[in-house]
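Report on the structure given below.
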Amino acid sequence: TVVIRLRKPWNAAVHVFFAQADFVYGILPKHAFPDTKVVGSAWESAPFGTGPFRVKTWLRGDRIVLEANPYYRPKPKLSQIVFQIVPNLNSNFVALRSGAADIGALTAENVSQAQGVPGVRVERFPENATRLLYLNTQRSPTGDPRVRHAIADALDYDALANAWRNQFPPAASFLPPPIVRWKAAAIAPYRHDPDAARRELDAAGWRLRNGVRVKGGVPFGGLIGVNSEDPINVRIATLVQAQLAAAGMPLTIKANPTRIWFSPEGLLRNGKGTIIGETWVGGGDPEQSLNLRCVEAIRGGDNHSFYCSPRFEALFDDQSRTPSQAQRDRDFNAIAQLVHDDAPVIPLYYESRLMGVSNRVSGYRLNMLWLPVNAEMWDAR
């Protein structure tokens with residue numbers, strides 16, 4: 001028995017602790033550990049639990065073989081599942097096309113090809129994730145909300161959709177897509193409005209000189225940070241750069257490899273970027289999608305806009321402790337509207353997991369956080 005005592009009311013507690021998320025709080029078997037040290041323990045190489053499958057073989061860098069748990073009920077339909085490690089997502093598609101794999105993740109680039117492969121179907125699993133452009137609120141020029149709105153107005157969202165091959169639905173709010181219990185009030189998405197962008201820049205003191213906006217003798221400039229190993233991220237950055245340059249807002253693209261991108265030294269988290277493109281994945285509770293808090297507006301934190309609003313903090317605190325679900329919904333709606341008005345982020349699209357699945361496989365499902373659903377019901381014939 002595990003007993004959790006809270007020091008104060010926390011509405012998200014049940015979902016944070018007990019629902020599936022990208023951070024999972026598991027209950028570990030005491031007899032598997034000689035002490036409280038988990039990292040580096042034997043259990044890490046052969047983990048086990050109460051689920052329908054357990055680790056049989058783990059060849060690091062090659063494959064993981066799961067076998068059915070004989071104690072699980074109902075009895076799993078599959079005797080084993082093999083996770084074959086491949087170099088990249090293109091290798092997934094090649095394995096699917098050749099029949100070497102039954103299931104593989106697809107990309108926006110190859111999903112159309114996969115739809116034409118005999119014996120393979122494409123499954124789309126909506127994710128609790130939103131692709132966003134983070135605008136740095138603590139650096140010039142995007143520290144000015146009028147400039148942030150000018151950027152939002154200058155972008156051509158229909159053209160930007162080419163970066164993800166129009167494979168994902170457009171997003172209006174930075175909060176979760178409509179696959180969780182909370183349903184957002186209607187938020188008008190940002191629209192391509194070059195005239196409004198010009199008015200915002202003029203009002204902010206950025207005057208057009210020879211095709212470039214200038215303020216106090218300083219030309220508009222900054223960095224677009226990009227993960228060089230994320231093809232969609234690269235394409236989005238390239239299109240954003242071109243569209244903003246056409247509006248007199250030239251920016252330079254700077255790329256980081258993944259190992260640097262997610263570190264405190266990378267542009268995603270070091271506060272040196274002007275615009276950062278990245279996906280935020282929430283959890284089972286809407287609170288887990290609120291990564292714009294002041295406490296996270298630090299180097300190495302998750303608030304990539306470095307946004308800090310007393311109003312946001314007050315609404316966050318209220319949704320956390322109010323006993324009224326209706327009031328909590330109103331708080332989330334107010335947060336969504338506040339963020340839309342302040343524009344520290346520009347929502348682009350809601351993510352979906354694109355999977356190629358052999359027609360001989362049945363019952364295969366993933367939840368909104370990519371985790372397997374009822375794996376004991378998966379079957380292959």
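The values are calculated or read from the model by the stated rules, or taken from the named source; none is laboratory data. Since the model is a prediction, treat every value here as computed from it, not as a measurement. Because the Cβ atoms are built from the backbone with ideal geometry, glycine has one as well, and the counts that use them run over all protein chains shown.
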Pull up the stretch 190-212, narrow it to residues that are more than 28 Å from Phe168 (Cβ to Cβ) and either in contact (Cβ under 8 Å) with a residue 60 or more places away in the chain or not assigned by TED's automatic domain parsing to the domain that holds Thr137 (or both), then point me to the one that is surrounded by the fewest Cβ atoms within 10 Å (Cβ to Cβ). Ala204
Can we say Ser305 is farther than 16 Å from Leu175 by Cα and of a type in the set (Ser, Thr, Tyr)? no
Condition first: polar (S, T, N, Q), surrounded by 13 or more Cβ atoms within 10 Å (Cβ to Cβ), farther than 18 Å from Leu371 by Cα and touching a residue at least 24 places away in the same chain (Cβ under 8 Å). Can you find one or more residues in the stretch 5-15 that meet it? yes
Between a first residue in the stretch 135-156 that is touching a residue at least 12 places away in the same chain (Cβ under 8 Å) and assigned by TED's automatic domain parsing to the domain that holds His192 and a second residue that is of a type in the set (D, E, K, R) and in a helix (DSSP H, G or I), which pairs have beta carbons less than 6 Å apart while being 6 or more apart in sequence or on different chains? Leu135/Arg148; Thr142/Arg148; Pro145/Asp342; Arg146/Glu200; His149/Glu200; Ala150/Glu200
Just wondering, is there one or more residues in the stretch 220-238 that are assigned to a helix (DSSP H, G or I), out of contact with any helix residue (DSSP H, G or I) (no Cβ under 8 Å at 6 or more places or on another chain), of a type in the set (A, V, I, L, M) and touching a residue at least 12 places away in the same chain (Cβ under 8 Å)? yes
Identify all residues within the stretch 89-134 that are small (Gly, Ala, Ser) and either free of Cβ contacts under 8 Å to residues at least 24 places away in the same chain or part of a loop (DSSP other than H, G, I, E, B) (or both); write none if there are none. Ser91, Ala95, Ser98, Gly99, Ala100, Ala101, Ala108, Gly116, Gly119
I need the full set of residues from the stretch 329-358 which are of a type in the set (Val, Ile, Thr) and in contact with a Leu (Cβ under 7 Å, 6 or more places away or on another chain), in order please. Ile335, Val339, Val345, Ile346
Considering (1) modelled with pLDDT of 95 or more; (2) buried (at least 19 other Cβ atoms within 10 Å of the Cβ); (3) part of a helix (DSSP H, G or I), say which one Ser320 fails and leave the rest. (2)
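Matching residues to (1) within 20 Å of Ile151 (Cα to Cα); (2) buried (at least 16 other Cβ atoms within 10 Å of the Cβ):
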| residue | (1), (2) |
| --- | --- |
| Gly217 | no, no |
| Phe220 | yes, yes |
| Leu223 | yes, yes |
| Arg235 | yes, yes |
| Val240 | yes, yes |
| Asn256 | no, yes |
| Ser263 | no, no |
| Gly266 | no, yes |
| Thr279 | yes, yes |
On the basis of being at pLDDT 95 or above, in a strand (DSSP E or B) and closer than 24 Å to Ser98 by Cβ, does Leu348 make the cut? no
Take Val86 and decide whether it is free of Cβ contacts under 8 Å to residues at least 24 places away in the same chain, out of contact with any Phe, Trp or Tyr (no Cβ under 6 Å at 6 or more places or on another chain), aliphatic (A, V, I, L, M) and surrounded by 14 or more Cβ atoms within 10 Å (Cβ to Cβ). yes
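If I filter the stretch 165-184 for residues that are charged (D, E, K, R) and crowded, with 16+ Cβ neighbours inside 10 Å, do I get at least one hit?
Start the filter on the stretch 165-184 by keeping residues that are charged (D, E, K, R), which leaves 165, 181, 183.
Adding the requirement that they be crowded, with 16+ Cβ neighbours inside 10 Å leaves none.
No - not one qualifying residue is present in the stretch 165-184.
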